[in-house]
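Input: a single structure, listed below in structure tokens.
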Amino acid sequence: MIPFYMLIVSFLIFKGLGLIGFSYFDGWHTALQGSVAVMLLVTASAHWGSRREDLIRMVPAVFHRPHWIVTATGLLEIVGAIGIIFPVTSRVTSIGLALLFIAMFPANILASRNQLKIGGKSVPNLFLRSILQVFFIVVVLLAG
């Protein structure tokens, strides 16, 4: 849920900055791009922090070297955070991020079904996780 909260809070902050005179954030699109970047940087930080082992446990057993997959997806999230804010790359980045979110969804299914914890907190149930995943996909595509 932290990524969802970060997305919403950062969007409101960026929109607030636009309202008080920072013209870059006047429109909803740049505020959304900025908030997607913040969300991705927050989620990427878990790939190397204290939550890393929790993320490794989420990788389905069919994949070898789950630690590498967690590192790779974290790097892709950082690249996505950078790419989404530049007009030249935002469209292709948003498509790449949507595909990344789809590719990572089996890990979320596994985590939900096995009632895994991330940072000591239970992952959302599969229904809520599915709704969040669709929401994140729509948001990154709109940001592009």
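Among the numbered criteria (1) more than 22 Å from Arg129 (Cβ to Cβ); (2) at pLDDT 95 or above; (3) under 16 Å from the mean Cα position of the chain (by Cα), which single criterion is violated by Trp48?
Evaluating Trp48 over (1) more than 22 Å from Arg129 (Cβ to Cβ); (2) at pLDDT 95 or above; (3) under 16 Å from the mean Cα position of the chain (by Cα) leaves (2) as the failure.
Against the condition among the small types (Gly, Ala, Ser), surrounded by 19 or more Cβ atoms within 10 Å (Cβ to Cβ) and more than 25 Å from Val123 (Cα to Cα), how does Gly27 come out, does it pass?
no
Identify all residues within segment 4-24 that are within 29 Å of Leu126 (Cβ to Cβ) and crowded, with 17+ Cβ neighbours inside 10 Å; write none if there are none.
Hits for segment 4-24 are Met6, Leu7, Ser10, Phe11.
So for segment 56-66 (the condition being within 19 Å of Leu41 (Cα to Cα), among the hydrophobic types (A, V, I, L, M, F, W, C) and either under 12 Å from the mean Cα position of the chain (by Cα) or surrounded by fewer than 19 Cβ atoms within 10 Å (Cβ to Cβ) (or both)), does at least one residue qualify?
Yes, some residue in segment 56-66 is within 19 Å of Leu41 (Cα to Cα), among the hydrophobic types (A, V, I, L, M, F, W, C) and either under 12 Å from the mean Cα position of the chain (by Cα) or surrounded by fewer than 19 Cβ atoms within 10 Å (Cβ to Cβ) (or both).
Pairs under 7 Å by beta carbon, first residue closer than 16 Å to Leu76 by Cα in segment 44-63, partner acidic (Asp, Glu) and crowded, with 19+ Cβ neighbours inside 10 Å, six or more apart or different chains?
From residues that are closer than 16 Å to Leu76 by Cα, the pairs are Ala44/Glu77.
So which pairs qualify, if the first residue must be in segment 105-124 and assigned to a loop (DSSP other than H, G, I, E, B), the second must be among the small types (Gly, Ala, Ser) and surrounded by fewer than 16 Cβ atoms within 10 Å (Cβ to Cβ), the Cβ gap must be under 8 Å, and the two must be at least 6 apart or on different chains?
Filtered contacts from segment 105-124: Gln115/Ser122; Leu116/Ser122; Gly119/Ser50.
Could you run through segment 41-63 and say how many residues are assigned to a helix (DSSP H, G or I) and among the hydrophobic types (A, V, I, L, M, F, W, C)?
6
Might you let me know whether segment 32-40 holds any residue that is surrounded by fewer than 17 Cβ atoms within 10 Å (Cβ to Cβ) and assigned to a helix (DSSP H, G or I)?
no
Search segment 114-144 for residues being among the charged types (D, E, K, R) and in contact with a helix residue (DSSP H, G or I) (Cβ under 7 Å, 6 or more places away or on another chain), and hand back the single one that is surrounded by the fewest Cβ atoms within 10 Å (Cβ to Cβ).
It comes out as Lys117.
Determine whether segment 64-82 contains at least one residue that is farther than 17 Å from Val38 by Cα and assigned to a loop (DSSP other than H, G, I, E, B).
Looking for residues that are farther than 17 Å from Val38 by Cα and assigned to a loop (DSSP other than H, G, I, E, B), one finds at least one in segment 64-82, hence yes.
The values are calculated or read from the model by the stated rules, or taken from the named source; none is laboratory data. Bear in mind the structure is a predicted one, so any value in this text is a computation, not a measurement. Neighbour counts run over all protein chains shown; Cβ positions are idealised from the backbone, glycine included.
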